[in-house]
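Here is the structure we will look at, set down as structure tokens.
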Amino acid sequence: MTRILLLGGTTEASQLAKTLAETGADAVFSYAGRTANPVSQPLPTRVGGFGGADGLAAYLKSENITHVVDATHPFAAQMSTNAVHACEAAGVKLCALERPAWQAGEGDTWVHAGTIDEAVNALPDAAARVFLAIGKQNLTQFAVKPQHHYLLRLVDAPETNLPLPHTTVEIARGPFDAAGDTALMQRHGITDVVAKNSGGAGAAAKLTAARTLGLPVIMIGRPQVPKRPILSSVAEVMAWLSHPSA
Ligand code: NAP
């Protein structure tokens, strides 16, 4: 019997959850619990960490999970690494549902950064107005450049003081569109954009807007995760789940 653990957090995870529910699959959806009001899912849902790779392996065994689909964000490298090790230990099949990384196109001015710290270094020294579109994690690393004004777009209002002295916080949940993001950047006089290379259409709006406005983008590359099969659509995951040798 197939029993699936779907590690969520992305739009693609929600799309897969819908398809699994429609097909009557036996599946559990898992959230890290980072946002106050996560999108509700049409599957039984659990929230919170498992306790590292060992905790996840124990969960997989106690819940009789046969297949794990890792549809976490491409920057959730700890969870993805844990999933590789736990599935190996528990003898459970694993695949990742991951959107392709964005590529720079005609009219884009991208500076590539391998890490968050490289992105910080790539920012100018003179005071700038930066759209820091990286979510709420890793903001502290930008505190070494306090001269900039940072526009942050977050899902929930921050609960603690921000580590940056000059900020504007925009509370919003994607997907976003290019016209809206262009207007947002114009309204805030943005001069530089910092983004994680998440991929996907909804989050790409800021890149289209940056191109339209002729703004440079510091693009942070994806962290390394141990090798696992990577599928890029819900249909591919459904085929993987139903394949007898999967
Ligand atoms: P992370 O650094 O890879 O994960 C840290 C820990 O959070 C994991 O070791 C695990 O705790 C727990 N965790 C993460 N995802 C989980 C899930 N789906 N279900 C249960 N526990 C989970 O991940 P993160 O960067 O904090 O991201 C957390 C969540 O936010 C993910 O679901 C991700 O898809 C989403 N997200 C992340 C980003 C980003 O830029 N990182 C952006 C948008 C959304 P234990 O070790 O205790 O199991």
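The values are calculated or read from the model by the stated rules, or taken from the named source; none is laboratory data. Please read all numbers here as calculations on a predicted model, not as lab measurements. Quick reminder, even Gly has a Cβ in these numbers, built from the backbone with ideal geometry, and neighbours come from all protein chains shown. Each accessible area value is taken on the protein alone, full model and side chains, heavy atoms only, with ligands, DNA and RNA left out. Shrake-Rupley method; radii C 1.70, N 1.55, O 1.52, S 1.80 Å.
Relative to the current alpha-carbon distance between Val47 and Ala21, full extension at 0.36 nm per residue lengthens the span by 7.5 nm. Can you give me the C-alpha center-to-center distance between the stretch 195-242 and the stretch 78-96, rounded to a whole angstrom? Here the two parts' Cα centres lie 21 Å apart. Surface composition of the chain: carbon and sulfur make up 53 percent of the accessible area, probe 1.4 Å.
Across all C-alpha atoms in the chain, the radius of gyration and Dmax reach 19.3, 60 Å. Here the dipole of the stretch 110-220 is about 160 debye; that uses its Cα centre as origin and unit charges on the Cβ of Lys and Arg (positive) and Asp and Glu (negative).
Per-residue 3J(HN,Hα) values for the stretch 23-30, derived from phi via the Karplus relation 6.51 cos²θ - 1.76 cosθ + 1.60 with θ = phi - 60°, read 8, x, 5, 8, 8, 10, 9, 10 Hz in sequence order (x marks Gly and Pro).
Accessible surface computed residue by residue for the chain, with neighbouring protein chains in place and a 1.4 Å probe, gives 49 Å² per residue. To the nearest ten degrees, helix 11-22 and the longest principal axis of the Cα atoms of the chain are 30 degrees apart. Compared with the alpha-carbon gap, the fully stretched path from Ala179 to Gln141 is longer by 10.7 nm at 0.36 nm per residue. Ignoring lysines fewer than eight residues from Lys206 along the same chain, the ones with Cα atoms less than 25 angstrom from its Cα are Lys136, Lys145, Lys196. Relative to the current alpha-carbon distance between Asn121 and Val39, full extension at 0.36 nm per residue lengthens the span by 26.0 nm. Centroid-to-centroid, using Cα positions, the stretch 43-68 and the stretch 138-175 are 32 Å apart.
To the nearest 20 debye, what is the magnitude of the charge dipole of the chain about its Cα centre, counting +1 on the Cβ of each Lys and Arg and -1 on the Cβ of each Asp and Glu?
140
Highest mean packing comes first when the peptides 156-168, 124-136 are listed by Cβ atoms within 10 Å, giving 124-136, 156-168. If R0 is 30 Å, the Cβ-Cβ spacing of His112 and Ala89 corresponds to a FRET efficiency of close to 0.30. Shape verdict for the stretch 191-245, please, from the Cα gyration tensor: rounded (a/c under 1.5), prolate (a/b greater than b/c) or oblate. Verdict is oblate for the stretch 191-245. Basic side chains Lys and Arg get +1 at the Cβ, acidic Asp and Glu get -1 at the Cβ, and with that the dipole of the stretch 51-130 about its Cα centre reaches some 280 debye.
Just to confirm the number: angle between the C-alpha axis of helix 77-90 and the first principal axis of the chain, 0 to 90 degrees, nearest 10? Between the helix axis and the principal axis of the chain, the angle is about 10 degrees. Derived scalar couplings between HN and Hα for the stretch 144-153 equal 6, 10, x, 6, 8, 8, 10, 8, 10, 10 Hz in order, rounded to whole Hz, by the Karplus curve 6.51 cos²θ - 1.76 cosθ + 1.60 (θ = phi - 60°), x for Gly and Pro.
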